[in-house]
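Heads up: the structure comes next, in structure tokens.
The values are calculated or read from the model by the stated rules, or taken from the named source; none is laboratory data. None of the values given here were measured: they were computed from a predicted structure. For neighbour counting, all protein chains shown are included, and Cβ atoms are generated from backbone atoms with ideal geometry for every residue, glycine included.
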There are 2 protein chains.
Amino acid sequence: MKTGDFAKVITKDQELSGIIMPNSNNKTLFLKLENGYNIGINRKNIKKINVLNMKKETVKKEKVEIKSKKNLPVISLLHTGGTISSRIDYSTGAVMPAITPEELIEMFPELQEIANIKSRLLSNIASEDLRFGDYKIIAKEIEKEIRSGVDGIIIGHGTDTMHYTSAALSFILEDLGIPVILVGAQRSSDRGSSDAFLNLLSAAIFITKTDFSGICICMHENLNDKNCLILPGLKTRKMHTSRRDAFKAINDDAIALVNPENKKIDFFKHYNKKDKSKKLKIYPDMEEKVAIIRTHTNMSEKQFEFYKDYKGLIIEGTGLGHIPGGKNNQKIVDVVKKLAKKIPVVMTSQCVFGRVNMNVYSPQKILLDSGVIPGNDMTSETAFIKLAWLLKNKKTKVRELMTENLKGEINQRLKERHYIEDEF
Amino acid sequence: MKTGDFAKVITKDQELSGIIMPNSNNKTLFLKLENGYNIGINRKNIKKINVLNMKKETVKKEKVEIKSKKNLPVISLLHTGGTISSRIDYSTGAVMPAITPEELIEMFPELQEIANIKSRLLSNIASEDLRFGDYKIIAKEIEKEIRSGVDGIIIGHGTDTMHYTSAALSFILEDLGIPVILVGAQRSSDRGSSDAFLNLLSAAIFITKTDFSGICICMHENLNDKNCLILPGLKTRKMHTSRRDAFKAINDDAIALVNPENKKIDFFKHYNKKDKSKKLKIYPDMEEKVAIIRTHTNMSEKQFEFYKDYKGLIIEGTGLGHIPGGKNNQKIVDVVKKLAKKIPVVMTSQCVFGRVNMNVYSPQKILLDSGVIPGNDMTSETAFIKLAWLLKNKKTKVRELMTENLKGEINQRLKERHYIEDEF
């Protein structure tokens, strides 16, 4: 039995068939299952291993032939860093950067069978470390790839702020004619049970099998390791620290569901069609002095006053869009009113789900009158990115455009109605 | 046809039977359905109204008799303010404070049939305006009621920060022997389709029909207006701006499900038993200088530096518990390290769901070494309240106790395991 053999492994609980992976060691046997998913099996629990097919030493050669022969679509795989580009050090358990693009492709040779993959390392940055300047670099690299005529782009990205980047790219890229899909992993690519492969494969299948164009995120649908969701770049959020299905559409539907096994794709909503003749323009500048402040009970007005020299502020309030007020928080209200007169102050909700509505209670009406801009059903992250982008690219119309749907960031579907009443 | 009549209303879409409510007007007929739920029907859509039973003028008298005769449990209903104590001004559409306790009981006479309700207005504060001092007032009033021998307490509360208050009471009240249930409403009590009644009735039934003791929240299970969930006071969060089922248990199960129609109660987990002989102690002091800072991309170290004179800080980081780092955010890391050496700095996650794990990536290990305290699976709100409480009540053991489960704030169930791997 050796790496690359196709084997049936019998444990006390189950039978599993798959290819023996190179990262197997004395304690753990890693197996790539037929659905492309890797699992680790404790050697202690293994009763029997039957090698069903020896590794074909010719596989590598065959692949090269396939690659040059077939007229496959071209996908650019741009790595920015994050868990998807990381490997685990099995002796210490720490996650290490980085797996090389070549190694990644070598680990998942199936990718090469559905497209010609051009894999390239842009950076090796954990997503929580990204700054606006990094969005600019990614946008420029996307522009380069599109000019070279690729059919789709996959961005390998850390998961922590993947939804900030997808929001930023949605505003920065204008007249995008192909799909640009951000893909991350909650477990490093070389691990048993990494979600990297299913996410990458699903994104590649989605690019090659559909005429979709636009910015989206491709991650696990649930914990079954069967399907991936294609999620809207402006209405998605990381909603779990560790689960593979951490990414959820917020106040919107997923765009599509991809089953990589049978290559079936179900669309849930309207989308922009691919058009390679479109000429991409990029507007990558973003205002640096923008922030999010999250309200909580027992705040001090000084927490808000800190932002007086900023150019824009997102207040992540409570419920329908509240800040601490009333007689015991009057100073806070005064500071926010003053701020909102000076700079664009946008209200979002720490509820995450639902729509801000500042017309219900009178203290909110006072804020509205002072110029506070309701963030509608945008996530705080999307509102933050949009505000920073508008401040540099639509300077004279920031307040007006914050409340308009420019790229799908505001869901304008009819509000849920209960009989004759408003939604609140 | 008059207020109090039981009528069948036929509209173009449906037939509805119920009691005609006093807030009906020329445009809208409000009907209390048999499940206790109120709805508003646009008069334009009404085809026919059949009065099935005229209002019995003796009803009121009968009630008084019932109240004095039966040996019913006693429930204190303490109103703090919020939508549940508000009425809508149907001419302007604005929500007005406040409905009086007497009015509320009059609107929902069914409550008086299952318990003797002592209804009392403590304050009229929208929950987003509450400060730590208000938790102290509520705690003292609870103490008063318990001394008077009540069987349970319902706190009428605004929804925006109801989960902050339930967390605070969980730490403040020691040796609580009866149930204390926070109840809110997403729609004001006098409105058709208000959720107030079902929430109040479910809480009252839960108090009278079970031997539960502790702090919890009672709100709608879903949009069916059928059941309510009893949610854990330390592991619940408002997760939607407007839906009646906005409150969700986070990283935990609901405690129980109450069906007020058939008075059936299903428990999902272990709970502390009622013991009226317990002697309540209250520890209501909380440190004022504690805050939550939510990270985002492109931050400045000055946003963190602002908190250098605070006594404690919650950092709501990304993913497993990250702050912006790497070479472009080195100043932020330096400031946080400095802060964490000086004051307790606790890491939570803006993912909301899942557990912080600071042992996975090396930049986090550096933060751990500097003293940053992992918030485990606590919500940011619960961690914030706990930290403020520990700083006043367990001064010498703050860091140690932040990582221990004191009152159910940390879920210590076995972590979800995928084969041999850790949960991340």
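Scan region B:349-362 residue by residue and report those that are within 15 Å of B:Pro324 (Cα to Cα), more than 27 Å from the chain's Cα centre (by Cα) and at the interface with chain A (Cβ under 7 Å from one of its Cβ atoms).
Across region B:349-362, the qualifying residues are B:Tyr361, B:Ser362.
All but one of (1) touching a Ser or Thr at 6+ places or on another chain (Cβ under 9 Å); (2) on the phi > 0 side of the Ramachandran plot hold for B:Leu121, so report the exception by its number.
Of the numbered conditions (1) touching a Ser or Thr at 6+ places or on another chain (Cβ under 9 Å); (2) on the phi > 0 side of the Ramachandran plot, the odd one out for B:Leu121 is (2).
So, in region A:353-367, of the ones that are free of Cβ contacts under 8 Å to residues at least 12 places away in the same chain and in a helix (DSSP H, G or I), which residue ends up nearest to A:Val336 (Cα to Cα)?
A:Lys365
Condition first: touching a Gly at 6+ places or on another chain (Cβ under 9 Å), within 13 Å of another protein chain (Cβ to nearest Cβ) and either within 18 Å of B:Lys32 (Cα to Cα) or at pLDDT 85 or above (or both). Can you find one or more residues in region B:98-113 that meet it?
No, the conditions are met nowhere in region B:98-113.
Could you list, ordered by first residue, the pairs with Cβ atoms under 7 Å in which the first is in region B:1-22 and closer than 12 Å to B:Leu33 by Cα and outside the structural domain of B:Ser193 (by TED's automatic domain parsing) and the second is charged (D, E, K, R) and surrounded by 18 or more Cβ atoms within 10 Å (Cβ to Cβ), at least 6 apart or interchain?
B:Gly18/B:Lys32; B:Ile19/B:Lys32; B:Met21/B:Lys32
The rows are residues; the columns are (1) touching a Lys or Arg at 6+ places or on another chain (Cβ under 9 Å); (2) not in a helix (DSSP H, G or I); (3) not hydroxyl-bearing (Ser, Thr, Tyr).
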| position | (1), (2), (3) |
| --- | --- |
| A:Asn329 | yes, no, yes |
| A:Ile332 | no, no, yes |
| A:Val336 | no, no, yes |
| A:Asp369 | yes, no, yes |
| A:Asp377 | yes, yes, yes |
| A:Lys386 | yes, no, yes |
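Show me the strands (runs of 3 or more DSSP E) entirely contained within region B:165-272 in which 2 or more residues are surrounded by 23 or more Cβ atoms within 10 Å (Cβ to Cβ).
By residue number, B:179-183, B:212-220, B:228-232, B:236-238.
If you take the residues in region A:290-322 that are among the aliphatic types (A, V, I, L, M) and assigned to a loop (DSSP other than H, G, I, E, B), which one is farthest from the other protein chains (Cβ to nearest Cβ)?
Going through the qualifying residues, I end up with A:Met299.
Every residue, every condition in (1) farther than 28 Å from A:Ser127 by Cα; (2) of a type in the set (Ser, Thr, Tyr); (3) in contact with a helix residue (DSSP H, G or I) (Cβ under 9 Å, 6 or more places away or on another chain), yes or no:
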site: A:His322; (1), (2), (3): yes, no, yes
site: A:Gly325; (1), (2), (3): yes, no, yes
site: A:Val335; (1), (2), (3): yes, no, yes
site: A:Thr348; (1), (2), (3): no, yes, yes
site: A:Gly371; (1), (2), (3): yes, no, yes
site: A:Gly375; (1), (2), (3): no, no, yes
site: A:Ala383; (1), (2), (3): no, no, yes
site: A:Leu390; (1), (2), (3): no, no, yes
site: A:Asn393; (1), (2), (3): no, no, yes
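Being under 20 Å from B:Trp389 (Cα atoms) and in contact with a Pro (Cβ under 7 Å, 6 or more places away or on another chain) is the requirement here; does B:Asp129 meet it?
Taking the combined requirement at face value, the residue satisfies it.
Report every pair of residues separated by at least 6 positions or lying on different chains whose Cβ atoms are under 7 Å apart, first residue within region A:312-341 and without any contact (Cβ under 8 Å) to a residue 12 or more places away in the chain, second surrounded by fewer than 24 Cβ atoms within 10 Å (Cβ to Cβ).
A:Asn328/B:Arg131
For region B:121-168, give me each residue that is of a type in the set (Lys, Arg) and either under 28 Å from A:Thr348 (Cβ atoms) or more than 14 Å from chain A (Cβ to nearest Cβ) (or both).
From region B:121-168, those of a type in the set (Lys, Arg) are B:131, B:136, B:140, B:144, B:147; that's our starting set.
Within region B:121-168, B:Arg131, B:Lys140, B:Lys144, B:Arg147 meet the criteria.
Could you please find all residues in region A:61-92 being part of a helix (DSSP H, G or I) and at pLDDT 70 or above? Break it down stepwise before answering.
As a first pass, look at region A:61-92 and keep what is part of a helix (DSSP H, G or I): A:61-69, A:83-85.
Hits for region A:61-92 are A:Thr83, A:Ile84, A:Ser85.
How many residues, within region A:97-143, are free of Cβ contacts under 8 Å to residues at least 12 places away in the same chain and not in a helix (DSSP H, G or I)?
1
Only residues that are in contact with a helix residue (DSSP H, G or I) (Cβ under 9 Å, 6 or more places away or on another chain) and on the phi > 0 side of the Ramachandran plot: list them for region A:204-258, please.
A:Gly214, A:Asp225
Look through region B:114-140, keep the residues that are touching a strand residue (DSSP E or B) at 6+ places or on another chain (Cβ under 6 Å) and modelled with pLDDT of 95 or more, and return whichever of them is surrounded by the fewest Cβ atoms within 10 Å (Cβ to Cβ). Steps first, please.
Restricting attention to region B:114-140, the residues satisfying the condition of being touching a strand residue (DSSP E or B) at 6+ places or on another chain (Cβ under 6 Å) are B:115-122, B:124, B:128, B:139.
Add one more test, that the residue is modelled with pLDDT of 95 or more, and what stays is B:128, B:139.
Values: B:Glu128: 28, B:Ala139: 21.
The selected residue is B:Ala139.
Do we find that B:Ala291 is more than 28 Å from B:Met239 (Cα to Cα) and of a type in the set (Gly, Ala, Ser) in this structure?
No.
Given (1) part of a loop (DSSP other than H, G, I, E, B); (2) touching a Gly at 6+ places or on another chain (Cβ under 7 Å), identify the lone condition not met by A:Ala340.
A:Ala340 satisfies all of (1) part of a loop (DSSP other than H, G, I, E, B); (2) touching a Gly at 6+ places or on another chain (Cβ under 7 Å) except (1).
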